[in-house]
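Below: one structure, written as structure tokens.
Readers should treat all values here as calculations from the given coordinates under stated rules, not as data from a laboratory. Not measured: the values here are computed from a predicted model. Backbone-built Cβ (ideal geometry, glycine too); neighbour counts: all protein chains shown.
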Ligand SMILES: C[S@@+](CC[C@H](N)C(=O)[O-])C[C@H]1O[C@@H](n2cnc3c(N)ncnc32)[C@H](O)[C@@H]1O
């Protein structure tokens, strides 16, 4: 593929037409929101709110916005591999229209992920609830394209061993990550946080894959793709954003340290010996473990991480198997321990330990 790891300057509808069919592994699109802002918004202290009031966000009507979206989404679907998927990010202003256009074009919605902004901009006029979410539609190429990449186990690992839900709590892009102009003002009104792209790229692509972003802006997709060892192509019509995005991406020399680790962890679970939990007093010597109700058995924790049940001693797995009269047993799921006024599974104690909680 030519233009690998570069930014194409131009209108994405025209540029997307130059890509071959079935050539892209992952698309992230953060298109204009069509916010239809009429007047500038001011805070109670009369300072102007730095919202999305740029020319690139303005469309004469809903009809024209829908036509624009249908045109770029049609090309995106054509160039997306059958094993690929697309994420489209939007606000309440546009995401419902985009969802309808996508379904009409044949895309299949896999999830609507809610980005819950932990530090949203207040509703200065006090006329509505503070808007604290954006929606990301994650879609396959169509209902019958079932072999899309989804690194389920890796994301569970990323989420402290708990299945990741479709609500992501991430702050707005602020501080050192936010690109600024020479006058110190924000370069771009809609720069996305890297954490958002990290989850998208990690979960739905593999190292070496090609990630396309047709509304590249400050190049967040390219920056994260590079850090996670993916290839990228960006399309952006505004020169000034391209210059900043290029400098930003060229400046990335170190890959995210956990990129390797997470890839390695794909499909694997970090091993935590039961004895380690005892050694670190997450579970104490002499504590009682309780079996599943129907076996009605108990065992005592020994100092070396073994269990004592009657006159027998063995690992949590071995003693679980003995009680059930089976050849093997997953002791993490079989045994319970008293915590917080109730019984919880050993597996949950292990998860707490991995998260760095208290025993
Ligand atoms: C919502 S912003 C994307 C921000 C980006 N995700 C980031 O993190 O910086 C949309 C961008 O699309 C660009 N844009 C708008 N219409 C376009 C078009 N037809 N072709 C290419 N770029 C376009 C705008 O200049 C703007 O930078």
Inset, instruction - Just need log10 I(q)/I(0) for the chain at q = 0.09, 0.12, 0.13 Å⁻¹, Debye formula, equal scatterers on the alpha-carbon atoms, no solvent, rounded to two decimals. - result: -0.63, -0.92, -1.01
Legend entry - Point-to-point label distance, residue 176-residue 308, nm (Cα→Cβ direction, 7 Å offset): 5.3 nm
Inset, instruction - Starting with the fewest neighbours, write out 15, 67, 134 ranked by other beta-carbon atoms found within 10 Å of each beta-carbon. - result: 67, 15, 134
Legend entry - Calculated FRET efficiency for the pair residue 23/residue 121, C-beta based, R₀ 45 Å, to 0.05: 0.75
Legend entry - FRET efficiency for residue 47 and residue 354, using Cβ-Cβ distance with R0 set to 35 Å, rounded to 0.05: 0.20
Inset, instruction - Could you please rank 65, 92, 290, placing first whichever residue has the fewest other Cβ atoms within 10 Å of its Cβ? - result: 92, 290, 65
Legend entry - Computed [θ] at 222 nm, deg cm²/dmol, the chain (DSSP H ≥ 4; -39,500 (n - 2.57); rounded to nearest 500): -8500 deg cm²/dmol
Inset, instruction - Evaluate E = 1/(1 + (r/R0)^6) for residue 156 and residue 13, where r is the Cβ-Cβ distance and R0 equals 41 Å; express this FRET efficiency to the nearest 0.05. - result: 0.60
Legend entry - the stretch 79-199 shape via C-alpha gyration tensor axes, a/c threshold 1.5: prolate
Inset, instruction - Specify the inter-centroid distance of the stretch 55-128 and the stretch 132-197, based on alpha-carbon positions, in whole Å. - result: 14 Å
Inset, instruction - For residue 296 and residue 207, compute 0.36 nm times the residue count separating them, minus their Cα-Cα distance, and round to one decimal in nm. - result: 27.2 nm
